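Working notes, beginning with the structure itself.
The values are calculated or read from the model by the stated rules, or taken from the named source; none is laboratory data. Note that the coordinates shown come from a computational prediction; the quantities given were computed from them, not determined experimentally. As a convention, Cβ positions derive from the backbone with ideal geometry for all residues, glycine included, and neighbour counts pool all protein chains shown.
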Amino acid sequence: MARTVKIGYAKGQSAQDRKCSGGSGSPSSRTSLDSANLPEPFPSPKIPPLGKKRLPNIPPADYSKMVLNHGKVKSVLSGDSLILTSIEHPERERTLSLAYCTSPHLKREGDERWAFDSRDALRKLVVGKNVQFQVLYAIPNTKREYGVVFLNDGRKLPEEMVKEGWLKLREDAGRKEDSEEALQQLDKLRLLEATARSEDKGLWASNGGIIEIQHDLGDAPAFLDEYKGKTVDGLVERVLSGDRMLVRLIVSPTKHIQGKYISQNRQNVSNHFQS
């Protein structure tokens, strides 16, 4: 969720004739945390080491066995993955990735180009909303689930994200598909991707998309001197406890600062960041 953060005064993500691929890109590797010991807010799927290119063992989608599920979107990890909770049992969670697609990911050593914008587009569409979803397939060795999501206004994912240019089709999309339903969906996604690309939408734009992310305050006194008493837009990445949050401050369109936000008392008399 988005909120405005005020800096206080205290211290301081087939048919053989139809095997063509509609996009490029592959998931990014998940990185380990460094000595700052901050939680990693944007896990991303692992890929083989460089020099050992290997396509995942993706089974074909079985539309005849798909079940329509209901859930509430708790958060998004990236432009292609979201966390769902059970409406009746909110403590039960599952991660769903959008079928056939991939997005850039946010990483501790530096966000990939357009990663924040792609994730933010999905966040605005689904976070906090009840949705319906279907699992099309799962990777056997990781059990990672891929599917489609139906919004209450009639829109569908991944189609909406591909249409706006925030997702690309995976290199291996549809290589094992042979059902008419799957091939029709892939054809639609390829058409949407081609249109978004021709219009320079989202990831396809030639300029922009690079954001400098800083995971600590650096010179904390200088930071407070610069922003003391000012309001700064920010995103709550994670609630750590009743009085602590992991917040990404949007200090400029091309620079973000992420840190732990601490409310020193419930009356919000004083707040400060902890690097």
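Scanning region 78-118 for residues that are more than 22 Å from residue 208 (Cβ to Cβ) and either among the small types (Gly, Ala, Ser) or touching a strand residue (DSSP E or B) at 6+ places or on another chain (Cβ under 8 Å) (or both) yields a count of 18. Checked against (1) touching a Lys or Arg at 6+ places or on another chain (Cβ under 7 Å); (2) closer than 19 Å to residue 120 by Cβ; (3) surrounded by 14 or more Cβ atoms within 10 Å (Cβ to Cβ), residue 201 meets all criteria but (1). Checking each residue of region 186-193 against the condition of being part of a strand (DSSP E or B) and either touching an Asp or Glu at 6+ places or on another chain (Cβ under 9 Å) or within 25 Å of residue 116 (Cβ to Cβ) (or both) gives no match. Condition first: in contact with an Asp or Glu (Cβ under 6 Å, 6 or more places away or on another chain) and either in a strand (DSSP E or B) or of a type in the set (A, V, I, L, M) (or both). Now tell me which residues in region 92-127 satisfy that. Once the filter is applied, which keeps residues that are in contact with an Asp or Glu (Cβ under 6 Å, 6 or more places away or on another chain) and either in a strand (DSSP E or B) or of a type in the set (A, V, I, L, M) (or both), region 92-127 yields 96, 97, 98, 101, 102.
Across region 245-262, the number of residues qualifying as modelled with pLDDT of 85 or more and surrounded by 13 or more Cβ atoms within 10 Å (Cβ to Cβ) comes to 10. Here is a check on your reading of the model: is residue 110 touching a Cys at 6+ places or on another chain (Cβ under 9 Å) and of a type outside the set (A, V, I, L, M)? Considered against the rule, which asks whether it is touching a Cys at 6+ places or on another chain (Cβ under 9 Å) and of a type outside the set (A, V, I, L, M), residue 110 comes out as no. Inside region 138-176, residues that are in contact with a helix residue (DSSP H, G or I) (Cβ under 9 Å, 6 or more places away or on another chain) and small (Gly, Ala, Ser) make up a count of 3. Across region 218-227, not a single residue is classified as farther than 15 Å from residue 106 by Cβ and modelled with pLDDT of 90 or more.
If we keep just the residues of region 177-193 that are surrounded by 15 or more Cβ atoms within 10 Å (Cβ to Cβ) and out of contact with any helix residue (DSSP H, G or I) (no Cβ under 7 Å at 6 or more places or on another chain), which is farthest from residue 99 (Cα to Cα)? So, considering only residues that are surrounded by 15 or more Cβ atoms within 10 Å (Cβ to Cβ) and out of contact with any helix residue (DSSP H, G or I) (no Cβ under 7 Å at 6 or more places or on another chain), the one farthest from residue 99 (Cα to Cα) is 190.
Please determine whether any residue of region 98-109 is in contact with a Pro (Cβ under 6 Å, 6 or more places away or on another chain) and surrounded by fewer than 24 Cβ atoms within 10 Å (Cβ to Cβ). No: region 98-109 contains no residue that is in contact with a Pro (Cβ under 6 Å, 6 or more places away or on another chain) and surrounded by fewer than 24 Cβ atoms within 10 Å (Cβ to Cβ). Within region 128-163, take every residue that is assigned to a loop (DSSP other than H, G, I, E, B) and within 18 Å of the chain's Cα centre (by Cα) and give me the one that is surrounded by the most Cβ atoms within 10 Å (Cβ to Cβ). Looking at residues that are assigned to a loop (DSSP other than H, G, I, E, B) and within 18 Å of the chain's Cα centre (by Cα), I get 158.
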